[in-house]
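Heads up, the thing below is written out as structure tokens.
What follows draws every value from the coordinates through simple rules; no lab data is involved. For clarity, every value in this text was computed on a predicted model and none was experimentally measured. Cβ atoms come from the backbone with ideal geometry, glycine included; neighbour counts cover every protein chain shown.
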Amino acid sequence: MNQQQSFNPDSLVATHAIPRIPYKFTQHLQEAQKDTSCSWEQMLSYNNPLFHSSSTEKKIFIETHPQVFDRAITPVPVNKTYAYKDPDFLLVLVLFLTTLYAALTVVFSRYLKQFAYAPFIYSESVRLYNDQSAVIPSFFAWLNGIALMVVSIFIYLCFKQYGWYEQMNSFPLFLLAMLFAAGFLLFRALTIKIAGWLLNRRDVFREYLFQNLLYYKMGSLAMLPLLIVAIFSDATWTGYTLAVAAALLLIIHLYIYARGTKIILKKGILIFYWILYLCTAEFVPFLMLYKYISTRVQGG
């Protein structure tokens, strides 16, 4: 019967020349394994810091003794002076015009693009002139109303800027400015029609009148932002803004004369008659208006 043999590690040291492991090292290794052993009970315990969120409380510093300045701090108001003493009346006019323009873009959106190109491209203006649509008269009437209002506001601001008719209130003075603007436009239309009747070329001068009103409509839309700036800006900038608006009116008339010259030459009218018309019906009224304005400015 075989005899049971026990394994003794020390026999390996003697027979196979394996170095003996010190007892203290083995004891230290067992203690390290015991310290680093992972216990599932400890990991899944509620006391584990992983299951507790960090505190979101923030400390607020409350100053119990606020700092007192030696001198009181007083706000300094901004003294903005408007050029006109009736901004409410002018605001109503501006809101009315912007409402008209917004309604125009909605109702007549089909013709706005062609209208924007017409003052710069002659073929587009001819197409707009020959358009027989029933909507075109309403479209032009709407634009004429806006142009009349804008030119009236420009004249009204000039009256206020130079102190003319100071004894009149805002609304009567605006009506007077509108009367001036309507009279100017009617005078131009009348002189153009008379010239066409005298030269027996009513069709040519009817197209020239259409081009006149077309440029006035476009110029009034471009002038409206300038007038809004003049109304609601500081008083020091009002004179400059009105000067820019007046320069815009001068540029519009130069475009009108250039377009009229193109129409006259294309339709076969002698250039002599065209120059005669410009000198008598265009330049002389403007010179008379300039004389009147310069006299009023110098006279105060």
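Side notes on the structure shown:
- Charge dipole (debye, nearest 20) of segment 87-299; +1 at Cβ of Lys and Arg, -1 at Cβ of Asp and Glu: 720 debye
- Most positive-pole-ward Cα, Gln161, Ala246, Ala189, against dipole of segment 87-299 from beta carbon charges: Ala189
- Mean-position separation - Cα centroids, segment 151-209 and segment 277-300, in angstrom: 14 Å
- Low-density loop cleavage sites - chymotrypsin sites (Phe, Trp or Tyr not before Pro) in segment 90-141, where at most 15 other Cβ are within 10 Å (DSSP): Phe120
- Cα gyration tensor category, rounded, prolate or oblate, for segment 87-299 with a/c compared to 1.5: oblate
- Exceeding the 21 Å Cα-Cα cut-off - candidates Lys160/Lys291; Lys193/Lys217; Lys160/Lys217; Lys217/Lys291: Lys160/Lys217; Lys217/Lys291
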